[in-house]
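The values are calculated or read from the model by the stated rules, or taken from the named source; none is laboratory data. Being a predicted model, the structure only gives us computed values, none of them experimental. Quick reminder, even Gly has a Cβ in these numbers, built from the backbone with ideal geometry, and neighbours come from all protein chains shown.
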Amino acid sequence: MSAALTFPARKARRLRWFEFLAPLSARTRVVLAIAAWLLFLGVWQFAPRPPELAALLPPPSQVVKTLGELFVEKNYLADVLQSLKRIALSFSLAAAVALPIGLLMGAFPAVEGFLNPIVSPFRYLPAPSFIPLLLAWFGTGEEQKIALLFIGVVWFLISLVMDDTKRVPIEYLECARTLGAGRFRALSTVLLPCALPFYLDTMRQMLAVSWTYLVIAEIVASTDGIGAVMMRARRLVRMDIIMAAILTIGLLGFASDALLRGLRTLAFPYLRKSIR
């Protein structure tokens with residue numbers, strides 16, 4: 001009898017991976033992630049390439065070798081640090097503007113009614129379209145790059161923060177007001193603390209968007225940064241350097257996302273199971 005029950009039990013365990021919204025253990029997620037990357041890198045490394053495409057699509061082993069050479073021989077670390085500085089400064093400025101505005105828009109419909117007609121249309125304007133204006137206003141210096149990265153995320157960040165603020169149950173605010181809290185006290189001690197985990201999730205998403213604008217910001221009259229390295233490599237048809245720079249951006253973006261995930265876990269340990 002026990003042997004007869006063994007096969008269905010094993011089959012059920014196998015099928016559980018393909019059940020709708022079935023939870024996976026941390027170990028299973030790690031195994032699946034490693035398997036996906038091994039498959040991707042294996043196909044990239046060993047897939048046959050026509051001779052004319054060999055230089056245009058270097059294997060990952062060559063890309064990793066080139067990345068090491070950039071750090072050792074080309075002072076690549078200075079370019080990476082410069083790009084990190086631009087991302088950190090522009091995103092900090094965007095967050096400093098978006099958080100209070102989005103909080104007030106989400107908390108008070110009158111503020112939303114006044115500001116949203118301006119904020120909402122700007123979300124649909126592509127940040128690169130501002131490059132001619134930014135060049136005219138700031139020249140080709142550092143201010144132009146920071147401004148482009150700022151514009152690329154601030155409008156979306158305001159709207160998302162506003163939506164996050166509205167996710168706080170109104171009953172919490174009503175309870176605080178019933179207990180005698182004024183508007184500012186309810187805003188600062190109830191609404192803001194409840195919405196902070198949502199804000200961190202939103203900042204993770206928009207920080208990824210900020211990294212996607214980095215190359216655009218650094219290809220215009222730039223002499224340093226990861227984008228400038230890619231433009232110099234394009235002129236020399238060095239696809240291995242371009243891919244090494246793309247890999248660098250991906251790794252830096254992943255590290256910054258992990259940093260915000262860790263901050264969320266430390267600040268709100270009771271929400272640890274909800275992190276994705």
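Observations on the model:
- The combined condition, being free of Cβ contacts under 8 Å to residues at least 40 places away in the same chain and either farther than 25 Å from Ile226 by Cβ or of a type outside the set (Gly, Ala, Ser) (or both), is fulfilled by Leu21.
- The stretch 125-145 residues that are among the charged types (D, E, K, R) and surrounded by 11 or more Cβ atoms within 10 Å (Cβ to Cβ), paired with ones that are part of a helix (DSSP H, G or I) and at pLDDT 85 or above (beta carbon under 7 Å, 6 or more apart): Lys145/Arg86; Lys145/Ala217; Lys145/Glu218
The rows are residues; the columns are (1) in contact with a helix residue (DSSP H, G or I) (Cβ under 8 Å, 6 or more places away or on another chain); (2) on the phi > 0 side of the Ramachandran plot.
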| site | (1), (2) |
| --- | --- |
| Arg177 | yes, no |
| Gly182 | no, no |
| Ala186 | yes, no |
| Ala195 | yes, no |
| Asp201 | yes, no |
| Met206 | yes, no |
| Glu218 | yes, no |
| Gly225 | yes, yes |
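- Residue list for the stretch 192-210, filter: in contact with a Ser or Thr (Cβ under 9 Å, 6 or more places away or on another chain) and crowded, with 20+ Cβ neighbours inside 10 Å: Ala195, Tyr199, Leu207, Ser210
- Of all residues in the stretch 51-70, those satisfying the criterion of being touching a helix residue (DSSP H, G or I) at 6+ places or on another chain (Cβ under 6 Å) and in a helix (DSSP H, G or I) are Pro60, Gln62, Val63, Thr66, Leu67, Leu70.
- Residue that is surrounded by the most Cβ atoms within 10 Å (Cβ to Cβ) [pool: residues in the stretch 246-260 that are within 17 Å of Leu41 (Cα to Cα) and in contact (Cβ under 8 Å) with a residue 24 or more places away in the chain]: Thr248
- Members of the stretch 194-248 that are under 18 Å from Leu148 (Cβ atoms) and among the charged types (D, E, K, R): Glu218, Asp224
- Within the stretch 51-63, the set of residues being without any contact (Cβ under 8 Å) to a residue 40 or more places away in the chain and surrounded by 14 or more Cβ atoms within 10 Å (Cβ to Cβ) comprises Pro59, Pro60.
- If the condition is being farther than 18 Å from Leu191 by Cβ and either in contact (Cβ under 8 Å) with a residue 60 or more places away in the chain or surrounded by 20 or more Cβ atoms within 10 Å (Cβ to Cβ) (or both), then the stretch 97-118 contributes only Val97.
- Count of residues meeting criterion [without any contact (Cβ under 8 Å) to a residue 40 or more places away in the chain and either touching a Lys or Arg at 6+ places or on another chain (Cβ under 7 Å) or acidic (Asp, Glu) (or both)] in the stretch 153-208: 5
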